[in-house]
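Heads up: the structure comes next, in structure tokens.
The values are calculated or read from the model by the stated rules, or taken from the named source; none is laboratory data. Note that the coordinates shown come from a computational prediction; the quantities given were computed from them, not determined experimentally. Here the Cβ positions follow ideal geometry from the backbone for every residue, glycine too, while neighbour counts run over all protein chains shown. Surface areas here come from the heavy atoms of the whole protein model, side chains and all, with no ligands, DNA or RNA. Shrake-Rupley method; radii C 1.70, N 1.55, O 1.52, S 1.80 Å.
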Amino acid sequence: HKRHMRGAGGGGCPAGGNDFQWCFSQVKGAIDEDVAEADIISTVEFNYSGDLLATGDKGGRVVIFQREQENKSRPHSRGEYNVYSTFQSHEPEFDYLKSLEIEEKINKIRWLPQQNAAHFLLSTNDKTIKLWKISERDKRAEGYNLKDEDGRLRDPFRVTALRVPILKPMDLMVEASPRRIFANAHTYHINSISVNSDHETYLSADDLRINLWHLEITDRSFNIVDIKPANMEELTEVITAAEFHPHQCNVLVYSSSKGTVRLCDMRSSALCDRHSKFFEEPEDPSSRSFFSEIISSISDVKFSHSGRYMMTRDYLSVKVWDLNMESRPVETHQVHEYLRSKLCSLYENDCIFDKFECCWNGSDSAIMTGSYNNFFRMFDRNARRDVTLEASRENSKPRASLKPRKVCTGGKRKKDEISVDSLDFNKKILHTAWHPLENIIAVAATNNLYIFQDKIN
Amino acid sequence: MSQKQDEENPAEETGEEKQDTQEKEGILPERAEEAKLKAKYPSLGQKPGGSDFLMKRLQKGQKYFDSGDYNMAKAKMKNKQLPSTGPDKNLVTGDHIPTPQDLPQRKSSLVTSKLAGLFSEEIFIIPPLHFDIQGLGMLAA
């Protein structure tokens, strides 16, 4: 049983020191002074091979980028990502019965493992999950008997000879079509979807419930977790994220707004209201403040590729947990501890409720998460080093190395440092993704998508 | 949970001093921030992070509508002009009831995402001479 999974096929971290040298590769999106709400990227996800990169936005649109084959004439540039397909996944709706406005914003995209030539992904907004099929068409049939080349039906009585239609090559067309619509199963807002390792089922989680679906069946889903209290006045916590274990198809975890994670085993009972494991770091009661619970709320939970660890993101830190130890995390990494003395204003401008995501690299040796001012943080678990990098147009010359950034917390500000009060809290990096096999990362900075690559030696 | 008086004023400064003993560094900034918040909003409930936040979160997207008010307003409006709606059209006050014409259009984005647009990527022209590209001020702030 491997402790760490190494990606197949090269490009992984060099053995020994993980000395990343991140360089700018590409940036997607417009340079807008006023960013339209619809253009704000709300999710980013690589597929299992890393060849496809999907983004979802607040306008309900999905854009998929595909990695170009490596070009022998340009050996220094690894494949670049270019637009492969784009489609409108969800549209705004109004539930008249409940007077509820349903946003079209894509909350999550999850790819299915590839089983044939087509690609499949699940995309979800607050209420409805859709299974999309993305397929290529490079041939077209010509010479139909009953219709013209432009599609108009021919008068059957005028057909005097029969012919067999022939397939002719055509320019590659990538089509996206909705294959399944999984609707009406969530009263509250969906925050997570996760494909099971059995490749047949998936879960969807909202604030109070988690449902299990079969990918082929849209008119039924099974409720596996329900934390809704009989009396809503007694509500003390909500589900914030959920994920299936990468290898054990009966195991899932879900995180809460109170900073806890529950691991459930679907074999133990049909309704997993009783957890198998309960992960919570004990809190020093004397340090409790008004903000304690809010900043302990977990915004994301992710299993490591190995399946042995999981990572949680709360407002100020990222924690790595060993699944065999519930009492406390094995690692705690501070993302932006300097914000602890700014909690009052962060509460007033609602930033304290921002939901940051986190991700592992392919070999689980490093983790990444976003921050403000278009900064993002990377933690090298083996070398015990961390770095702050910035996604900005200023550092966007091709193959330019990213310079580490530093926030000055008080006292004299050194040159190149930025003071906490100068941070732009509107520039949030909530969504990041790491290629499953190589050192390529995608960082969503509001309406722009940055792609960075590790310098090839 | 009572606030110690000596935490109120000097707490802000002491929080920033890294020389403070062990865990106290982590506690004081938070408590100082809490004191600031309570000073601004004295009515803030004693149940931090509890039901109020969660209820607000669960209620996201809820719009309120009263058919009686709506029809009354519509009847009135037949005779006189539409009252000016002011900056917030969703605010229901007195005579002004949002009518279908007032509501922002909830059309889906028919425009293709700019990530997939024609010029979704900058074209870099490496200048033959040295000049400061950053001086062009492309980035705000």
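Here are the numbers:
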read-out: Efficiency of FRET between A:D155 and A:N426 - r from beta-carbon atoms, R0 51 angstrom, step 0.05; value: 0.20
read-out: Global size of the range A:377-425 as Cα Rg and Dmax, reported in angstrom; value: 12.8, 36
read-out: Distance (nanometres) between label positions extended 7 Å along Cα→Cβ at A:N231 and A:N184; value: 3.3 nm
read-out: Size of the B/A contact, given as accessible area buried on both chains, probe 1.4 Å, in Å²; value: 5400 Å²
read-out: Candidates per trypsin sites (Lys or Arg not before Pro) in the range A:104-187, loop by DSSP, up to 16 other Cβ within 10 Å; value: A:R152, A:R154, A:R163
read-out: Rounded D (µm²/s) - the range A:289-427, Kirkwood Rh over Cα pairs, Stokes-Einstein at 10 °C, 1.306 mPa s; value: 98 µm²/s
read-out: Sulfur and carbon atoms: percent of accessible area, the range A:341-457 [1.4 Å]; value: 45 percent
read-out: Ranking by accessible area, most exposed first, for A:V387, A:V27 with a 1.4 Å probe; value: A:V387, A:V27
read-out: Once the Cα gyration tensor of the range A:213-268 is diagonalised, semi-axes √(5λ) in Å; value: 23, 17, 10
read-out: Fraction of alpha-carbon pairs over 20 Å apart in the range A:220-313 - percent; value: 42 percent
read-out: With DNA, RNA and ligands ignored, accessible area of A:F353 (1.4 Å probe; Å², nearest 10); value: 80 Å²
read-out: Gain upon complete extension [A:E280, A:S401; 0.36 nm per residue less C-alpha separation]; value: 39.7 nm
read-out: Which listed pairs, of A:K58/A:K355; A:K319/B:K36; A:K403/B:K114; A:K28/A:K319; A:K403/B:K36, have C-alpha distances above 26 Å, in listed order; value: A:K319/B:K36; A:K403/B:K114; A:K28/A:K319; A:K403/B:K36
read-out: A:C249 versus A:I40: modelled label distance in nm, points set 7 Å from Cα along the beta carbon direction; value: 3.9 nm
read-out: FRET efficiency, 1/(1 + (r/R0)^6) with R0 25 Å, evaluated for A:Y48 and A:D138 via beta carbons; value: 0.60
read-out: More than 39 Å apart - percent of Cα-Cα pairs taken over chain A; value: 24 percent
read-out: Calculated P(r) tail over 19 Å for the range A:36-175, as whole % of Cα pairs; value: 64 percent
read-out: Shape category assigned to the range A:17-60 from the gyration tensor of Cα positions, a/c cut at 1.5; value: oblate
read-out: Highest average packing first - A:212-223, A:241-252, Cβ atoms within 10 Å; value: A:241-252, A:212-223
